[in-house]
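For reference, the structure discussed in these notes is given below.
Where a number appears in this text, it was derived from the coordinates with a stated rule and is not lab data. What you are looking at is a predicted structure, and each value in this text was computed from that prediction instead of being measured. Note: ideal-geometry Cβ built from the backbone for every residue, glycine included; neighbour counts use all protein chains shown.
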Amino acid sequence: MILSLLLATAEAYAELPGATATWTPLAESPVAIDCTAWKGKPYCRSTGVITAPVSQAASVFAGLDQHVAKMGAISRIQRLEADVLHVVMDYPFPLTDRDYVARFSRRQEGSAEVFSWVPVVHAGAPVSTDTIRLTWLDGEWRFAPEGTNTRVTYTWQADPGGNLPDVGAVRSKAGYLAVLDIANACGAQLVSP
């Protein structure tokens with residue numbers, strides 16, 4: 001059986017935007033996406049409802065490296081330690097793929113399962129000239145019950161690195177694909193923002 005992220009010994013809490021953050025809508029459908037500046041950094045969050053229970057969504061996320069074949073925006077995930085993943089995001093040609101190495105922690109908040117991550121340096125994932133390493137990327141995945149379904153909220157530090165002509169379009173696409181990839185990894189449908 002897979003070692004779950006439950007075994008994480010180090011807490012990996014991202015310093016996410018607080019209650020006083022002012023969010024600006026970027027997209028409303030099929031996934032709601034909004035962005036803010038927090039302590040000088042851009043953050044975005046995307047929210048959608050998938051047709052899977054919270055327990056399934058959280059279990060799939062804990063073993064995310066085993067579901068890459070079902071995802072379109074991620075080309076590779078390598079588990080370096082029980083709680084450390086090297087994630088390579090597939091950007092469309094002619095853009096360069098992005099990658100990050102992160103330490104994840106899992107916690108329960110009421111009826112929601114929450115996975116936070118912070119960037120780390122790991123010898124098992126050296127920097128490559130084939131990708132742009134996002135050394136600052138942190139964030140959180142939140143899986144909360146919505147009836148028999150799951151409301152997925154993905155909040156991330158939204159600086160995609162490199163020279164991009166339309167950062168808003170990249171953020172909008174990334175937010176949508178992230179929630180869609182979780183739905184696909186669960187064998188579920190994305191039903192609403």
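A few points about this structure:
- Other residues whose C-beta falls under 11 angstrom from the C-beta of Ser75 contribute a net charge of -2, scoring Lys and Arg +1 and Asp and Glu -1.
- Under 20 Å from the Lys39 label point (7 Å along Cα→beta-carbon), backbone N, the range 136-173: 136-142, 154-161
- Converting phi to 3J(HN,Hα) with the Karplus coefficients 6.51, -1.76 and 1.60 and the offset θ = phi - 60°, the range 88-95 yields 10, 8, 8, 9, x, 4, x, 6 Hz in sequence order, with x at every glycine or proline.
- Net length available on complete extension from Val167 to Trp23 is 50.2 nm, with 0.36 nm assigned per residue and the Cα-Cα distance removed.
- For the chain, the alpha carbon positions stretch 44, 39, 32 Å along the principal axes, listed from largest to smallest.
- Nonlocal amide H pairs with Ile74, under 5 Å, H built at 1.01 Å: Asp90
- Mean separation of Cα contacts under 8 Å (6+ apart) over length of the chain, as relative contact order %: 30
- Once the Cβ-Cβ distance of Val121 and Ser59 is raised to the sixth power relative to R0 = 35 Å, the FRET efficiency obtained is 0.75.
- Across the chain: Cys residues that no other cysteine approaches within a C-beta distance under 4.7 Å: Cys186
- Potential extension, Thr129-Leu95 segment - 0.36 nm per residue separation minus Cα distance: 10.9 nm
- Loop-resident sites, the range 10-91, for trypsin sites (Lys or Arg not before Pro), counting at most 13 other Cβ within 10 Å (DSSP): Lys39
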